[in-house]
1. Anything in segment 313-329 that is surrounded by 12 or more Cβ atoms within 10 Å (Cβ to Cβ) and at pLDDT 90 or above? List them, or say none.
2. If a residue counts only when it is of a type outside the set (Gly, Ala, Ser) and not assigned by TED's automatic domain parsing to the domain that holds Lys82, which strands (runs of 3 or more DSSP E) contained entirely in segment 267-381 have at least 2 such residues?
3. Condition check: among the aliphatic types (A, V, I, L, M) and free of Cβ contacts under 8 Å to residues at least 24 places away in the same chain. Does Met319 satisfy that?
4. So Asp83 clears everything in (1) without any contact (Cβ under 8 Å) to a residue 24 or more places away in the chain; (2) more than 27 Å from Glu367 (Cβ to Cβ); (3) part of a loop (DSSP other than H, G, I, E, B) except one condition, right? Which one?
5. Could you grab me the full set of residues in segment 166-213 that are among the charged types (D, E, K, R), surrounded by fewer than 18 Cβ atoms within 10 Å (Cβ to Cβ) and either within 29 Å of Asp262 (Cβ to Cβ) or touching a Lys or Arg at 6+ places or on another chain (Cβ under 8 Å) (or both)?
6. Which residue, of Thr40, Thr76, is in a loop (DSSP other than H, G, I, E, B) and among the hydroxyl-bearing types (Ser, Thr, Tyr)?
7. Restricting to segment 255-266, what's the tally of residues that are outside any strand (DSSP E or B) and in contact (Cβ under 8 Å) with a residue 12 or more places away in the chain?
8. Provide a single number: the residues in segment 51-61 that are within 18 Å of Phe335 (Cα to Cα) and at pLDDT 95 or above.
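The values are calculated or read from the model by the stated rules, or taken from the named source; none is laboratory data. Since we're looking at a predicted model, the values are computed, not measured. Here Cβ is always computed from backbone atoms with ideal geometry, including for glycine, and neighbour counts include all displayed protein chains.
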Amino acid sequence: MKTAEILESLIGFDTVSRNANMALINYVAELFDAAGISYTILKNETGDKGNLYASVGPLDRGGVMLSGHTDVVPVTGQDWTKDPFRLTVTDGRYYGRGTTDMKGFVACAVAALLKANSQNLKTPLHLALSYDEEIGCLGVHSLIDMLDAAPHRPAMCIVGEPTNLAVATGHKGKTALKAVCTGKEGHSALAPFALNALHLACDFVAELRDMQYNLAQSGPQDADYDVPYTTVHVGKIIGGDVLNIVPNRCEVFFEIRNIAQDNPCFLMDEMRQRAKKIVTQAKEKASEANIEITITNSYPGLNTPTDAKVVEFVKGLTMANDTIKVAYGTEGGLFSSKIDVPTVICGPGSMAQGHKPDEYVSIEQIERCDAMLERLIAKLC
């Protein structure tokens, strides 16, 4: 079955992270059933989402794992000129939500397994499809647990996120956090007698901005990244109800995206110390004052050595000479850190086209990815 046909079907499934993905998973499973390819489906607790793990070739050794996520980001509020959930082919491009991030690679990988199934592989080829990657790599954990208990783990992994088929050896880790700022409510006409939780939040955000300045100016640097240092970003603040009440609660949602040289635990310790300083001063006015920081989600970074076997192997498939690192996160850091599977990122398209209206991947990139995976199959025979 041709990659373009598979991609057309994949784009037709609205797998925005808040929605189910089982229709897509069942579609892939039906293709594999027809070809006699063995697979396992790992569903979530409610049964509306699932991971799929399929294998071709001998199962008494590690092999190569292709990994991709099935969920996509929302289209709400975006000005699309084409139907986001119907593949449009024009001007040498495939348009549709997920074409570049990352159903284009998933289509190539499914097609590759179908092709490999007719070959006499000496080394196995695996495919791992996961859910809820776009909201923090949440779905892949059950798949990792399964591989951790398996007698033979993959010898290496290629995560097919868009890199224009360059070989990426790293991405930053991410820690998502929430700070709950507690003050003392009161009438706005008597605001000085209360403690405004929004003011606590503003003071805390100022401390985060100061940390970001210090990290940019004097923190560790990794020139392989577009932003070569660890970043601290505030993305959402919730607080207050009506104008004439001094709010007693405010929530700040923020994140750390750290390069390998920075330990996020140390950064969180500093954040808590800065919060404590704010609270100590605020308690002179109201004993209720508090700033509580909790982690809402996290995943580790990826930092594969450039001389690792997986890097040289995939460079041989792509004919690349150099390596890069990417700004976005992937499940690759989890595969590497949790089950010690050497991992690189290499897939068709550019993230510059991802998460935008009229998302696309070029036909040329998909064809090059197909050719890369054909070379992979040849090496496994």
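1. Step one: filter segment 313-329 for residues surrounded by 12 or more Cβ atoms within 10 Å (Cβ to Cβ), giving 313-318, 320, 323-329.
Answer for segment 313-329, where residues must be surrounded by 12 or more Cβ atoms within 10 Å (Cβ to Cβ) and at pLDDT 90 or above: Phe313, Val314, Lys315, Gly316, Leu317, Thr318, Thr323, Ile324, Lys325, Val326, Tyr328, Gly329.
2. Qualifying strands (runs of 3 or more DSSP E): 290-299.
3. Numbers: among the aliphatic types (A, V, I, L, M): yes; free of Cβ contacts under 8 Å to residues at least 24 places away in the same chain: yes.
Spelling it out, Met319 is indeed among the aliphatic types (A, V, I, L, M) and free of Cβ contacts under 8 Å to residues at least 24 places away in the same chain.
4. Tallying (1) without any contact (Cβ under 8 Å) to a residue 24 or more places away in the chain; (2) more than 27 Å from Glu367 (Cβ to Cβ); (3) part of a loop (DSSP other than H, G, I, E, B), Asp83 fails exactly one: (2).
5. Taking segment 166-213 and keeping what is among the charged types (D, E, K, R), we get 172, 174, 178, 184-185, 203, 207, 209-210.
Next cut, surrounded by fewer than 18 Cβ atoms within 10 Å (Cβ to Cβ) only: 178, 185, 209-210.
Hits for segment 166-213 are Lys178, Arg209, Asp210.
6. Details: Thr40 fails: in a loop (DSSP other than H, G, I, E, B).
Of the residues listed, the single one that is in a loop (DSSP other than H, G, I, E, B) and among the hydroxyl-bearing types (Ser, Thr, Tyr) is Thr76.
7. As a first pass, look at segment 255-266 and keep what is outside any strand (DSSP E or B): 259-266.
Right, trim to in contact (Cβ under 8 Å) with a residue 12 or more places away in the chain and you get 259-262, 264.
Number of matching residues: 5.
8. Here is the first cut: in segment 51-61, the ones within 18 Å of Phe335 (Cα to Cα) are 51-55, 61.
Adding the requirement that they be at pLDDT 95 or above leaves 51-55.
Looking only at that region, the number is 5.
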